[in-house]
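Written below as structure tokens is the structure these notes are about.
The values are calculated or read from the model by the stated rules, or taken from the named source; none is laboratory data. On a predicted model such as this, the values are computed, not experimentally measured, just so you know. Cβ sites come from the backbone with ideal geometry, for glycine too, and all protein chains shown count toward neighbours.
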Amino acid sequence: VAERYPAARIARMDVDTTGAKWSHAEILGRVGRGEVDILLGTQMIAKGLDFPNVTLVGVIDADVGINLPDFRASERCFQLLSQVAGRAGRGPKGGRVLIQTRAPAHHAVRCALAHDYHGFVREEFEGRANPPYPPIVRLANVVFSGTTEAATAELADRGAAWLRRLLRARSAPGVSVIGPAPCPVERVKARWRWHVLIKAEQQPELTRVARYLAERFAVPKNTHDLRMTIDRDPVALL
């Protein structure tokens, strides 16, 4: 950018430039005083900023998150594009928004550009009907983690089998178990992660099964530091 616009005053706002105390305020203060011509940043500059002199917003690889293995990926993409588009044209000069995408026909991109919230909800709702995901069904994400991959995978297998035996033995209409499988982000802070999804048509049934799992399923205490966490109504499955 500096080579293309040598006379421009450029600032960055990302995790590397905002580590120091008050660094956010210092950078945004320069923007507000008109001391910055081009602000480059990550998602942290996509929302909440109100600078009337901002007349152009550009988004690079806007669709990078659409194909993440998470049922809310399109929703987050739509939210982000809608929010970042609102940073331009907040003053009398007006503004433009340029979006780089490889999927211009995707409903998250198309509806964000048209500010069509209702159209996005309609298409997204249809996409979550089969296979069913919230808000069609209620969901719990059961995450098994440990310091060794084999022990973690074995625990996830045991947990999924235990849940299926429970559903066969007790009446739990409209409840199903998906998995186990490695989490999309398989390892976090030296811990391996596998997960199992519990889907239920009714919230009370999901509550009953999740509570029974938390109270009755035994996680062995050994050198692999195995753990199980149950995330009700998860905001992400990564």
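Test LEU166 against the criterion of being farther than 24 Å from HIS224 by Cα, in contact with a Leu (Cβ under 9 Å, 6 or more places away or on another chain) and assigned to a helix (DSSP H, G or I), and give yes or no. Spelling it out, LEU166 is indeed farther than 24 Å from HIS224 by Cα, in contact with a Leu (Cβ under 9 Å, 6 or more places away or on another chain) and assigned to a helix (DSSP H, G or I). From the list ASP70, ASP50, ASP37, the lone residue that is among the acidic types (Asp, Glu) and closer than 29 Å to TYR133 by Cα is ASP70.
Screening LYS199, LYS189 for residues that are surrounded by 15 or more Cβ atoms within 10 Å (Cβ to Cβ) and closer than 21 Å to PRO69 by Cβ leaves exactly one candidate, LYS199. Any residue that is out of contact with any Pro (no Cβ under 7 Å at 6 or more places or on another chain) and in contact (Cβ under 8 Å) with a residue 60 or more places away in the chain - is there at least one of those in segment 179-195? No; the residues of segment 179-195 include none that is out of contact with any Pro (no Cβ under 7 Å at 6 or more places or on another chain) and in contact (Cβ under 8 Å) with a residue 60 or more places away in the chain. Of the residues in segment 133-156, how many are assigned to a helix (DSSP H, G or I) and either closer than 17 Å to VAL209 by Cα or among the basic types (Lys, Arg) (or both)? Residues flagged as assigned to a helix (DSSP H, G or I) and either closer than 17 Å to VAL209 by Cα or among the basic types (Lys, Arg) (or both) within segment 133-156 amount to 1.
Right, VAL196: at pLDDT 95 or above and closer than 16 Å to ILE230 by Cα or not? Answer is yes for this residue. Evaluated against (1) of a type in the set (Asp, Glu); (2) within 25 Å of the chain's Cα centre (by Cα); (3) at pLDDT 95 or above, GLU154 falls short on exactly one condition, (2). Flag set for LYS47, criterion: among the basic types (Lys, Arg) and under 23 Å from PRO234 (Cβ atoms). Restricting attention to segment 160-170, and to residues there that are under 11 Å from ARG216 (Cβ atoms) and at pLDDT 95 or above, which single residue is surrounded by the most Cβ atoms within 10 Å (Cβ to Cβ)? Going through the qualifying residues, I end up with LEU163. Taking the criterion of being part of a helix (DSSP H, G or I), out of contact with any Phe, Trp or Tyr (no Cβ under 9 Å at 6 or more places or on another chain), touching a residue at least 24 places away in the same chain (Cβ under 8 Å) and of a type in the set (Asp, Glu), would at least one residue in segment 213-225 satisfy it? So far as segment 213-225 goes, no, none of its residues is part of a helix (DSSP H, G or I), out of contact with any Phe, Trp or Tyr (no Cβ under 9 Å at 6 or more places or on another chain), touching a residue at least 24 places away in the same chain (Cβ under 8 Å) and of a type in the set (Asp, Glu). Candidates ALA73, ALA108: the one that is in contact with a Phe, Trp or Tyr (Cβ under 7 Å, 6 or more places away or on another chain) and either closer than 26 Å to VAL235 by Cβ or of a type outside the set (Lys, Arg) (or both) is ALA108.
The number of residues in segment 202-228 being surrounded by fewer than 16 Cβ atoms within 10 Å (Cβ to Cβ) and either small (Gly, Ala, Ser) or outside the structural domain of GLY159 (by TED's automatic domain parsing) (or both) comes to 2. I'd like the residue in segment 1-29 that is touching a strand residue (DSSP E or B) at 6+ places or on another chain (Cβ under 6 Å) and not hydrophobic (A, V, I, L, M, F, W, C) and, out of all such residues, is nearest to GLN83 (Cα to Cα). Across segment 1-29, the extreme among qualifying residues is ASP14.
Output the number of residues of segment 200-212 satisfying the condition of being of a type in the set (Asp, Glu) and either assigned to a helix (DSSP H, G or I) or at positive phi (or both). Total meeting the criteria: 1.
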